[in-house]
Amino acid sequence: MCWLTSPWTTFTGLEPLKSTCSALGGSEDLCDLEEQGVRASLLSARGAQCVDPGGPGHLRTTQNPGAPRPPPDRRPLVAPPAARNEAEAEAEADARDPAEPSPVAAMNQRQAAARLRVVLGHLGQTSARTGVAYSTSRAVSPNSFHPPQFQYTQHNAVLSLEQRKFYEENGFLVIKSLVSDADIQRFRDQFERICRGEVKPEQMMIMRDVSIAKSEYIPSERMISKIQDFQEDKELFRYCTLPEILKYVECFTGPNIMAMHTMLINKPPDSGKKTSRHPLHQDLLYFPFRPSNKIVCAWTAMEHIDRNNGCLCVLPGTHKGPLKPHDYPQWEGGVNLMFYGIQDYDENTPRVHLVMEKGDTVFFHPLLIHGSGWNRTQGYRKAISCHFASADCHYIDVKGTSQDVTERDIVGIGHKLYGIPKDTSLKEVSRYRARLVKGRRINL
């Protein structure tokens, strides 16, 4: 058995390397490099070595990885004559000037290093310095070699392999007890001050349930079902800058992070008309920037949430599909403003109801189909959330697309409340909302 190691990799024994190979989703005997198109010169070059499992730290070089195994007494492999002549020529050149490798040897080293970087790149490593070792003891067909292909998560040390695989497959991931009780209490206190009219942040959108008549409206927690765009409220916006939140957000967006849309949801007890429910939808409908795989929502429960008070309901795996057409559902009791629902989806798709405790946070993809049920209790169900995006994302024009209705309603509300021009684009609204929370601002 031969283990390929990078010249920059510290060899500490076979078991950690086998564990690394298993973590990559394959067997300990993961692949044959030559079967993958990486030629034997990767091993024969002086910058790469084979670690023989016959003894700890035992090294042997080989000019031909396809040659037979050495006998049990560990005698050196006998290279073919041509290869032996090349090796002897290199050895003689080294003997003449050991401090300076020959041009051929130097070139071989550079080529080996370049090939190694290519291999590590295919394995999802960012640098040859973080290279892994893997077995080449038996031939494996290229068609049977399937290293993990992560499309929706970034490589770092925060998520475990199991967590990455779960998000890749399902489009959401719940992290328990992520936000402290103290922070949640501060957010709750600030929300109540806003409800009482003691604090009036600029450009914040305050919404009430459609079942509450205008004549009944007085500033209080009972009347406000949601506040949006709290980027100008320093206390609430702290949520978007919490290190424990951003640590996980970076797993989906990368290191340059923008906070793009903020909400605090105060789902009221339902009046009997079921207007407190939110139809199944995809959040990407509201956003004029792409790519969707660099966008993620962080949604934190501010109290115990279950099906009784209207927990989130998600359709696992639907993040892999396209953005679907949305419109207002035809509900008898009425529908809240901008509560769009998907018009065409498979009703047989399995659903998962996310029962969460205070401080639990779910991260989910903007194409994941989700919604929430109506609040059957007499209490108010609270959650705070923010949609984050990579600063590498770019804006798009949504005119003439299925997002036309979103642009029309959002701009219409902005014109009514704040006097923004009617010809304002959704892109301009998003640019105004956007705030850099980590790294550097690039496109957004």
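The values are calculated or read from the model by the stated rules, or taken from the named source; none is laboratory data. Here the structure is a predicted model, which means the values were calculated and not measured. Here the Cβ positions follow ideal geometry from the backbone for every residue, glycine too, while neighbour counts run over all protein chains shown. Ligands, DNA and RNA are excluded from the accessible area calculation, which covers all protein heavy atoms including side chains. Shrake-Rupley method; radii C 1.70, N 1.55, O 1.52, S 1.80 Å.
One table, with the values for the structure above:
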| quantity | calculated |
| --- | --- |
| Check on THR424, of a type in the set (S, T, N, Q), in contact (Cβ under 8 Å) with a residue 12 or more places away in the chain and under 29 Å from PRO350 (Cβ atoms) | no |
| All positions within region 250-279 that are touching a Ser or Thr at 6+ places or on another chain (Cβ under 9 Å) and either at positive phi or of a type in the set (A, V, I, L, M) (or both) | GLY254, ILE257, MET258, ALA259, MET260, MET263, LEU264, ILE265, GLY272 |
| Test for GLY379: is it over 24 Å from TYR152 (Cα atoms), of a type in the set (Gly, Ala, Ser) and in contact with an Asp or Glu (Cβ under 9 Å, 6 or more places away or on another chain) | yes |
| Residues of region 293-320 that turn out to be open to solvent by less than 30 Å² (accessible area, probe 1.4 Å) and closer than 23 Å to GLU250 by Cβ, as a count | 10 |
| Odd one out for LEU436 among (1) closer than 21 Å to PRO325 by Cα; (2) of a type in the set (A, V, I, L, M); (3) open to solvent by 50 Å² or more (accessible area, probe 1.4 Å) | (1) |
| Boolean, TYR340 is in contact with an Asp or Glu (Cβ under 9 Å, 6 or more places away or on another chain) and under 29 Å from SER425 (Cα atoms) | yes |
| ARG290 surrounded by fewer than 21 Cβ atoms within 10 Å (Cβ to Cβ) and in contact (Cβ under 8 Å) with a residue 60 or more places away in the chain | yes |
| Residues of region 336-347 satisfying the condition of being assigned to a loop (DSSP other than H, G, I, E, B) and not aliphatic (A, V, I, L, M) | ASN336, PHE339, TYR340, GLN343, ASP344, TYR345, ASP346, GLU347 |
